[in-house]
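Here's the structure we're looking at; comments come further down.
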Amino acid sequence: MNAIIHTLIVLGGIGLFFGLLLSLAGIKLKTKSNPTLESLKDILPGVNCGGCGHAGCNAFAEEVFTGRAETDGCPVGGTELNYQIANILGVNASLSTRKTAYIKCLGSDKHSLFLFRYQGVKDCRSAVRLVGGGSKGCTYGCLGGGSCIKVCLFDAISIKDGIAVVDNDKCTGCTVCVKSCPKKLIEMVPYHKRFRIGCNARDGSKNVRLNCSVGCIGCRICEKACKSEAVQTEGQLARIFYEKCDGCGICAEKCPRKCIVESLASNGAL
Amino acid sequence: MELVLIFISAALVNNFVLSRSLGICPFIGVSKRLDTSLGMGLAVAFVMVLASAITHTVYNLILTPLSLGYLYIIVFVLITACLVQVVEMYLKKNSPALYKALGIFLPLITTNCAVLGVLLLNIELFAGSLLSAVVHAVGAAAGFTLAMVLFSGIRDRLAYSPVPKIFDGIPIAMIVASLMSVAFLGFAGMINL
């Protein structure tokens, strides 16, 4: 019996003694953290996805706090978070850079030519290893295997008619999918600009015509139609330079192949 | 003279990392850069020496008279944990950069087997003499820091060396560590305690 009591007293006593010592040390060595910084850390999503380019949410909070990062740097929180951060810091929200992923292919099942039927593992990284880089005639197009869907943390990508499509409003711009695409089809485009070129084919008008009914053939009609010189044709593929684009939509209107499309969700409003 | 021998024995002959294979986790984990490995070495040294003095006293003055010797492991871990907390608070306040660089390895000193190893060996080898125990701890800490610093120097070079891809990173570090360990075996048998 004595042994038990001694054990309890000794262990409890030592525990209590060091506990008190620690709480004293806690008071003495208290680090003063800035309440503004703390509230910034509180409103950030806390998933540490790294989409902002910093080591994590805390690192981003410190960068914004010291003014080395923009208030809209967090792609996950979006506009709402941007305003909250600006509010806490007492500065104007910066509205520059929200970007979302866009998959540059419109070649859905009914539009494209298939050379054979792919029945392997449902994953682009597997499908792309086959002869000709997959079952599609077009070697640049989306295979619809869903590699990007698997890596997307925010459930923003889905397959529609055999091609992957990004939901602009769900996309947080973390760029994880960009790296996952073996065809390098995914590009980050400004959320607030409406028009996209839905083609990545660079193999010339003859092949594109053969393989896909909505592929860009490099006819330069969009380039000539654009008043702000925002559309330019590189090789046989049109490209929109978003800094110049004013969103008039004439390119989409004139495109004979209907491969310039208006983005699904965004209407340009904040 | 005996104290000098104890020191050399703990630091070189029975080096805690390279001969006894204790404390490998921080040895591999934070040895990528010289400043973090030195900081880790000093943090471990502080905990080791202070914990040695306290645990030795507690063991001799409280546990042994009450014949509660069997409690020693839990008591030692408790004391170590408390000291680690103090070190953590101190670093967080006075050296945030080092605090950040050490990261998770700092609280992990609590369960660092090198620290507990020193405390247990103290009881086993120097139960009667507090001074010997503390010198032993200082030697062990010096040996640990020495191994960390030497290893970080080597890893610095390794980062720029053409290492075959399958060995890149931790694997080559393990191999280098084993070679260092072999080198330290050269001291074996010099002193028998």
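The values are calculated or read from the model by the stated rules, or taken from the named source; none is laboratory data. Every value quoted in this text rests on a predicted model; they were computed, and no experiment measured them. For neighbour counting, all protein chains shown are included, and Cβ atoms are generated from backbone atoms with ideal geometry for every residue, glycine included. Ligands, DNA and RNA are stripped out before the accessible areas are found, and what is left, the full protein with its side chains, is counted by its heavy atoms. Shrake-Rupley method; radii C 1.70, N 1.55, O 1.52, S 1.80 Å.
The table for this structure:
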quantity: Within region B:36-73, considering residues that are more than 8 Å from chain A (Cβ to nearest Cβ) and outside any helix (DSSP H, G or I), the one surrounded by the fewest Cβ atoms within 10 Å (Cβ to Cβ); calculated: B:Pro65
quantity: Residue pairs meeting the criteria (Cβ under 9 Å; at least 6 apart or on separate chains; first more than 10 Å from chain A (Cβ to nearest Cβ), in region B:74-102; second surrounded by 19 or more Cβ atoms within 10 Å (Cβ to Cβ) and among the aromatic types (Phe, Trp, Tyr)); calculated: B:Phe76/B:Tyr59
quantity: A:Ala238, sole failed condition from (1) more than 27 Å from the chain's Cα centre (by Cα); (2) of a type outside the set (D, E, K, R); (3) surrounded by 18 or more Cβ atoms within 10 Å (Cβ to Cβ); calculated: (1)
quantity: Test: residue in region B:83-91 that is buried (at least 21 other Cβ atoms within 10 Å of the Cβ) and farther than 23 Å from A:Thr31 by Cβ; calculated: no
quantity: Tally of residues being surrounded by fewer than 18 Cβ atoms within 10 Å (Cβ to Cβ) and within 30 Å of A:Phe195 (Cα to Cα) across region A:46-77; calculated: 2
quantity: Residue satisfying all of: in region B:156-182; in contact (Cβ under 8 Å) with a residue 60 or more places away in the chain and under 19 Å from the mean Cα position of the chain (by Cα); most open to solvent (accessible area, probe 1.4 Å) among these; calculated: B:Met174
quantity: Selected residue (criterion: farthest from A:Cys49 (Cα to Cα)) from residues of region A:147-169 that are in contact with a helix residue (DSSP H, G or I) (Cβ under 7 Å, 6 or more places away or on another chain) and crowded, with 18+ Cβ neighbours inside 10 Å; calculated: A:Ala164
quantity: Residue count for region A:170-190, restricted to those that are over 11 Å from the mean Cα position of the chain (by Cα) and surrounded by fewer than 16 Cβ atoms within 10 Å (Cβ to Cβ); calculated: 1
quantity: Residues being open to solvent by 50 Å² or more (accessible area, probe 1.4 Å), of a type in the set (A, V, I, L, M) and under 14 Å from the mean Cα position of the chain (by Cα) - total across region B:13-35; calculated: 1
quantity: Residues that are within 9 Å of chain B (Cβ to nearest Cβ), exposed (fewer than 13 other Cβ atoms within 10 Å of the Cβ) and either touching a helix residue (DSSP H, G or I) at 6+ places or on another chain (Cβ under 8 Å) or at pLDDT 85 or above (or both), drawn from region A:1-16; calculated: A:Gly13
quantity: Subset tally (residues that are in contact (Cβ under 8 Å) with a residue 12 or more places away in the chain and more than 15 Å from the chain's Cα centre (by Cα)) for region A:55-78; calculated: 10
quantity: Some residue of region A:229-238 being of a type in the set (Gly, Ala, Ser) and out of contact with any helix residue (DSSP H, G or I) (no Cβ under 7 Å at 6 or more places or on another chain); calculated: yes
quantity: Tally, over region A:18-43, of residues that are of a type in the set (Lys, Arg) and either more than 10 Å from every other protein chain (Cβ to nearest Cβ) or in contact with an Asp or Glu (Cβ under 9 Å, 6 or more places away or on another chain) (or both); calculated: 1
quantity: Looking only at region B:54-74, and only at residues there that are more than 14 Å from B:Gly117 (Cα to Cα) and aliphatic (A, V, I, L, M), the one that is farthest from the chain's Cα centre (by Cα); calculated: B:Leu66
